[in-house]
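Trainee: Below is the structure I would like to discuss, written out as structure tokens.
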Amino acid sequence: MGGGANHTIHKIAIVKLSALGDVVHALVALQFVKKKFPNIQIDWIVESSFAPVLENNPDINAIYKVNLKKIKKDKFSIFKQIKLIRKIALNNYDLVIDAQGLFKSALVSKLLKSKTVGFDKNSIRETIASTFYNHKVSIPYEANAIDRNVAVISESLNVEVSHQDILNKKSFLFYFNEDKSIYDYLSHEQKNVVFVIGASKNNKMYSKEKFANIINKLDCNSLIIWGSKEEKEMAEFIASNSEAKILPRIDLNSVKALISKADLVIGNDTGPTHMAWALNRPSITLFGNTPGYRNTYTTPINQVIESDSKVDPLRLDKYDFSIREIKEEKIIELAKSLLDG
């Protein structure tokens, strides 16, 4: 977009519907936009289940929740969602940025009836989405997901963001009125390590037996968070074979609060683990069938451990369970060095 466009852009909408980690990856861009344009209005359209990760962020003016996932189960709910999006369109945005690059997110962007920006057809999986945009940003689909999100948002507004800027980012998740019971689980005598044992798919989940072994080798206050019945059962297995404590099911607002107090987060390639990076807390993210180089930023305190799989981000292997082959000793050694750092 031309440099002069910035003078007429006062109000933008970002469409990033899901999932938790992807929303976090896009959210980092806002601090750089606000630094250059402190008075710009930024609204965000998101699936309702992920809205809490955006809440209390001073860089966001309004959060609009949609429920497009419901359409799979209830076809007629599409009319309610279109009506809702048309109502949001009354805000008359100067620019709508689709940071997702899916057909459904492109459609939402178009329904907002403004100038639209998104990835070009060579930069996304669902190439049809690019036909909905007035302006297109080119960055390879296999490039780092954080860089991709920052590029589509910042380039739309002629905001320059370097790799170093992202490394030096300010923490960008905020919480308010969290569940105070989480603080009863934190120790003042030992280091607090939060374990994120779940993930969106089974082949992204590390072994419960190995998690238990790691906890037994770390002299720490080990806390397990979970989000589904299956994850709760895994947590109970780990706790019965180690000194770990299981937290009750907590909302995303309280997850943010807990992770902000953690000395270390160890987990799979999933939203809450990525939240540690967003909160500038030490973390170890475990990768098997997903690519570490693409899904995280490594820093002195945010490290990754990958299985020996060769991963093609364009074709993830659903039969690749290699994450479970990562040796506990590797994780223990790295955890100790981060905790002592």
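Where a number appears in this text, it was derived from the coordinates with a stated rule and is not lab data. Bear in mind that the values here come from a model prediction, so they are computed numbers and not experimental data. Using ideal geometry, Cβ is built from the backbone for each residue, glycine included, and neighbour counts are taken over all protein chains shown.
Trainee: Can you list, bin by bin at 10 Å, the percent of alpha carbon pairs in the stretch 3-167, starting at 0?
Mentor: 11, 43, 38, 8, 1
Trainee: With label points built 7 Å along Cα→Cβ from the Cα atoms of Lys65 and Arg125, find their separation and express it in nm.
Mentor: Distance between the two pseudo-spin positions: 2.6 nm.
Trainee: What does the convex hull of the alpha-carbon atoms of the stretch 180-340 project to on average, in nm²? Working shown, then result.
Mentor: Working: hull surface 34.9 nm².
Mean projected area for the stretch 180-340: 8.7 nm², to one decimal.
Trainee: Dividing the convex hull volume of the alpha carbon atoms of the chain by its residue count, what do you get in Å³ per residue? Working shown, then result.
Mentor: On the way: hull volume 46.5 nm³, N = 341.
Cα convex hull per residue, to the nearest whole number: 136 Å³.
Trainee: Quick one: which residues, 5 or more positions from Asn302 or on another chain, have an amide H under 5 Å from its amide H? H modelled 1.01 Å from N in the peptide plane, none for Pro or chain starts.
Mentor: Residues meeting the criterion, in which the H sits 1.01 Å from N, are Ser283.
Trainee: Report the relative contact order of the stretch 3-167, percent, no decimals, based on alpha-carbon pairs under 8 angstrom and at least 6 residues apart. If you can, show how the numbers build up before the last one.
Mentor: Details: 288 pairs, mean separation 37.7, N = 165.
The value is 23 percent.
Trainee: Determine, from the Cβ-Cβ distance of Asn280 and Ser48 and an R0 of 35 Å, the FRET efficiency 1/(1 + (r/R0)^6), rounded to the nearest 0.05.
Mentor: Details: r = 27 Å, r/R0 = 0.78.
It comes out at approximately 0.80.
Trainee: Sorted by average packing, counted as other Cβ atoms within 10 angstrom per residue and highest first, what order do 11-17, 258-264 take?
Mentor: On the way: 11-17: 25.0, 258-264: 20.6.
Ranked by mean Cβ neighbours within 10 Å, highest first: 11-17, 258-264.
Trainee: Can I ask one more? Let me check the size of the stretch 73-213 from its C-alpha atoms; what are the radius of gyration and Dmax in Å?
Mentor: My reading of the Cα-based Rg and Dmax gives 20.4, 57 Å.
Trainee: Here's a follow-up. Report, by chain and number, residues whose modeled amide H sits under 5 Å from the one on Tyr64, excluding near sequence neighbours (fewer than 5 apart, same chain).
Mentor: Trp44, Ile45, Val46
Trainee: Neighbour counts of other C-beta atoms within 10 Å: give me Thr273, Thr8 arranged from fewest to most. Walk me through the intermediate numbers first.
Mentor: Working: Thr273 29, Thr8 9.
Fewest-to-most ranking of Thr273, Thr8: Thr8, Thr273.
Trainee: Sticking with this one: Under the definition of Cα pairs under 8 Å and six or more residues apart, what whole-number percent is the relative contact order of the chain?
Mentor: On the way: 661 pairs, mean separation 53.1, N = 341.
Normalised by residue count, the contact order of the chain is 16 percent.
Trainee: Let me ask something else. Give the lysines whose C-alpha is closer than 22 Å to that of Lys180, dropping any in the same chain fewer than 8 places away, or say none.
Mentor: Cross-link targets: Lys191, Lys232, Lys245, Lys256, Lys261.
Trainee: Kindly write out, for the stretch 129-135 in residue order, the coupling ³J(HN,Hα) from the Karplus curve 6.51 cos²θ - 1.76 cosθ + 1.60 (θ = phi - 60°), rounded to whole Hz, with x marking Gly and Pro.
Mentor: Per-residue couplings from phi come out as 4, 5, 6, 8, 9, 6, 10 Hz.
Trainee: Hey, another quick one. Taking the beta-carbon count within 10 Å as an exposure proxy, list Phe76, Phe174, Phe195 from fewest neighbours to most.
Mentor: Lowest count first: Phe76, Phe174, Phe195.
Trainee: Let me ask something additional. Show which lysines lie in cross-link reach of Lys73 when reach means a straight Cα distance below 23 angstrom and same-chain residues fewer than eight apart are skipped.
Mentor: The reachable lysines, counting only those whose Cα sits under 23 Å from Lys73, are Lys16, Lys65, Lys83, Lys104, Lys201, Lys229.
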